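Structure record follows, encoded as structure tokens.
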Amino acid sequence: MTLAESTVPKPMGTGPGDDFIAPETDVAPVDRFREYRRMWATFRRSHSSMAGLFIVILFLLIALIGPWIVPFPEDALGSIHLDRKLQPPNGIHWFGTDEVGMDIYTRVIIGARTTLWIGLTITGLAILIGVPLGLIAGVSNTWIRETIMRITDIFLSIPGLILAVAIVGALGPGILNAMIALSLVWWPGYVRLVQSKVLSVRNETYVEAARSIGASNFRIIFVHILPNCMSPIVVKASMDMGMAILAAASLGFLGLGAQPPYPEWGAMISIGRNYLPDWWWYSLFPGLAIYFTVLGFNLLGDGLRDVLDPKQRS
Amino acid sequence: MGQLIVRRLIFMIFMLIGLMAIVFAISNIAPGDPARLAAGPDATNEMVERLRVERGLDKPIVTRFAVYLSNLAAGDLGTSLHTRRAVVDDLARYFPATLELVLFSIAFAVLLGVPLGMAGAAFQNKIPDHSIRFLAVSGVALPMFWLGLMLQWYLSLELDLFPLGGRLGIMTPRPETVTGMLTVDSLLSGNFGTFQEAVWHLVLPSLALSLPALASIIRVNRAEMLETLNKDYILNARAQGIGPLRIVTAYALKNAILPTLAMIGLRFGWMLGGTVLVEGVFDYPGVGLYATKAAVSSDFDPIIAVTLVLGASFMLVNLLIDLTYALLDPRVRSQI
């Protein structure tokens, strides 16, 4: 990566460096703005990226205002109306009703908020654990790096969902424990990503230059190395949002995550499956909601990768 | 080569011990009293204490881990609380079923994914390519448990094309157990009716399980094909008047297949994880269903044993993939 490129992906975490007056910061704002515009133009050209962005924005909007737009707010956390149980989709109940007469449309909409919260927590915790460990492993040359990387390897040596099931088995079922379990299996990916990125930039000329003028390790890591790791982290985080949502719904489906009547899509499907085939709408709609949400984050992630990190394209 | 395999296998043992240590540590930080869970809700305090001593749960964690490892070396993985059998016997019964399911799914994903990826590259940016790419992006986003349910609903319950679940019909006689894989065992005993039925039971679960892998294989294969098709030697082949079909299958595929192989290794792990979901949907008696039942009832011995067995199979598959890689491509032989 050349010096000119290195000024590009610095959208976040550059705080401490702003007081440092160097030639690059004089021209950076203009260049950066132009750079963003160019990125947006590239992003906009791809239909699938735009579709992903649209789905994600719609999902965030629903998660944000869901409780105020649903027709039957009292059904969100569980209520019983046996007089209207298991009705097929109709004008009043768009997605039909479940076995105790709760409106499925309401619960799917409210479920968006649960899903967003789960996805953000898992991805956020994974980043908070994985990125610092990856930075440490990348800059240190001692047994510390070996320890971190070997533990990471062990975690990556088993399918994540199996380990998550094992951890929930030890902690006990529940939405909080499911989130803890998934965060615990999710961070190693970030360690690998950040560590390899650090290894590739830590001997670059601009890092060496900073070191030679006496910049501290702390400053080098946060001002020069971390900003260069930002784009792959952002891309991975977007992809992981979708995957984490899928994994959490899977645990909910298995009865290890959110417990009914909590409005979570996976848990809804796990009850709804007992009502197939006659009451198909019960499991159809929550599943579609999961599909579109995960699809949205994946497409957005693909689009971001093409713009931010074109070398990673497969 | 032999030395390399031995070194990798020894390394694998250390990795597995590490994996055990992590699961052990996590389960001990966890709140809750394993002795009380094991004794059941009606147990008196005295019974709980007796069980605690009996199972060695009063000892410190390091001692217990050492005891676990020495039992493991002797082939004892403990007892399952929910099946009330030795975990080793349970695994011997369930693991072949899961392996059969995963192998079927891999076959499905490769046999469909490679041609579809090739077709996508050959028809780049035309309608077949767009639909294939749509399949590829949907494949990783579809919750496989939900897809399984929908397939079950439509193809078994509505159209009655496939069995609802399980491995064989209730009335079908079981073939003598040799490998534990019903398709193989029924063929070995020459019972083609049972073979057919076993395959029939595998179609829907493997379809659901293979979809994410299918999607990634399409993606990788398509991208690699596109890259290879732009190479000079393809241009040369074209200039020599070799037909497009032969160029794609004989010239380009050879180079595109290696990354696909790496993807298969990666996806194998995902599939092992996916069995937890798909086996639950199709009531397919494998380790995934076993692990879920154990996790729901906090049944510790089976959980840790399943982690061990699936971790080991994942590592073995990766070793096999690396070796195949080395066999197929002399360029990587020196690197591993």
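The values are calculated or read from the model by the stated rules, or taken from the named source; none is laboratory data. Keep in mind that what you see is a predicted model, and the values were worked out from it rather than measured. We place every Cβ from the backbone using ideal geometry, glycine too, and count neighbours over all the protein chains shown. Side chains included, ligands, DNA and RNA excluded: accessible areas come from the protein's heavy atoms. Shrake-Rupley method; radii C 1.70, N 1.55, O 1.52, S 1.80 Å.
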Rg/Rh for the protein assembly as shown to two decimals, with Rh computed the Kirkwood way over all alpha-carbon pairs.
0.98
The distance between the Cα centres of the stretch B:181-233 and the stretch A:63-136, in whole Å, is 35
Provide a whole-number value for the mean count of partner chain Cβ atoms within 10 Å of the Cβ atoms in peptide A:247-256.
5
Occluded residues from the stretch B:131-176, i.e. those whose accessible area drops by 30 Å² or more once the chain is not alone (1.4 Å probe)
B:137, B:140, B:141, B:143, B:145, B:146, B:149, B:150, B:153, B:157
Which of A:261, A:277, A:67 fluctuates most in a GNM of chain A (C-alpha springs under 10 Å)? That residue is A:277
How many Cβ atoms of partner chains, on average, are near each residue of A:147-160 if near means within 10 Å of its Cβ?
5
Can you give me the long-range amide H partners of residue A:97? Hydrogens built in the peptide plane at 1.01 Å from N, cutoff under 5 Å, separation of 5 or more residues or another chain.
A:86, A:87, A:104
Summing both sides, how much accessible area is buried between A and B? Use a 1.4 Å probe and give Å² to the nearest 100.
3800
Whole number in Å², please: accessible area per residue of the stretch A:85-145, 1.4 Å probe, ligands, DNA and RNA not counted.
40
Cβ neighbours within 10 Å, averaged per peptide: list A:253-259, B:228-234, A:185-191 in order, most packed at the top.
A:253-259, A:185-191, B:228-234
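How much accessible area per residue does the stretch B:87-333 have, counting only protein heavy atoms and a probe of 1.4 Å, in square angstrom?
With the other protein chains kept in place, the stretch B:87-333 gives 43 Å² per residue.
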If amide H atoms are built 1.01 Å from N in the plane of the peptide, which residues on other chains or at least 5 residues away come under 5 Å of the amide H of residue B:79?
B:87
Peptide B:216-227 - average C-beta neighbours from other chains (10 Å radius)
1
Just to confirm a number: summing +1 for Lys and Arg and -1 for Asp and Glu over residues other than residue B:195 whose beta-carbon lies under 14 angstrom from that of residue B:195, what do you get?
-2
Output ³J(HN,Hα) for the stretch B:211-221: one whole-Hz value per residue in order, computed from phi by the Karplus curve 6.51 cos²θ - 1.76 cosθ + 1.60 with θ = phi - 60°, and x for Gly and Pro.
4, x, 5, 4, 4, 5, 5, 4, 4, 5, 4
Sorted from largest down, what three extents in whole angstroms do the Cα atoms of the stretch B:184-284 have along their principal axes?
54, 32, 17
Choice from A:140, A:270, A:48 showing the highest fluctuation, given a GNM over chain A with Cα pairs closer than 10 Å:
A:140
Ranked by GNM mean-square fluctuation in chain B (Cα springs under 10 Å), the top entry among B:139, B:169, B:113 is B:169
Electrostatic dipole magnitude of chain A [Cβ: Lys, Arg +1; Asp, Glu -1; Cα centre; debye, to 20]:
600
Which value results for Rg/Rh of the stretch B:269-336 when Rg is the Cα radius of gyration and Rh the Kirkwood radius based on the inverse mean 1/r?
1.18
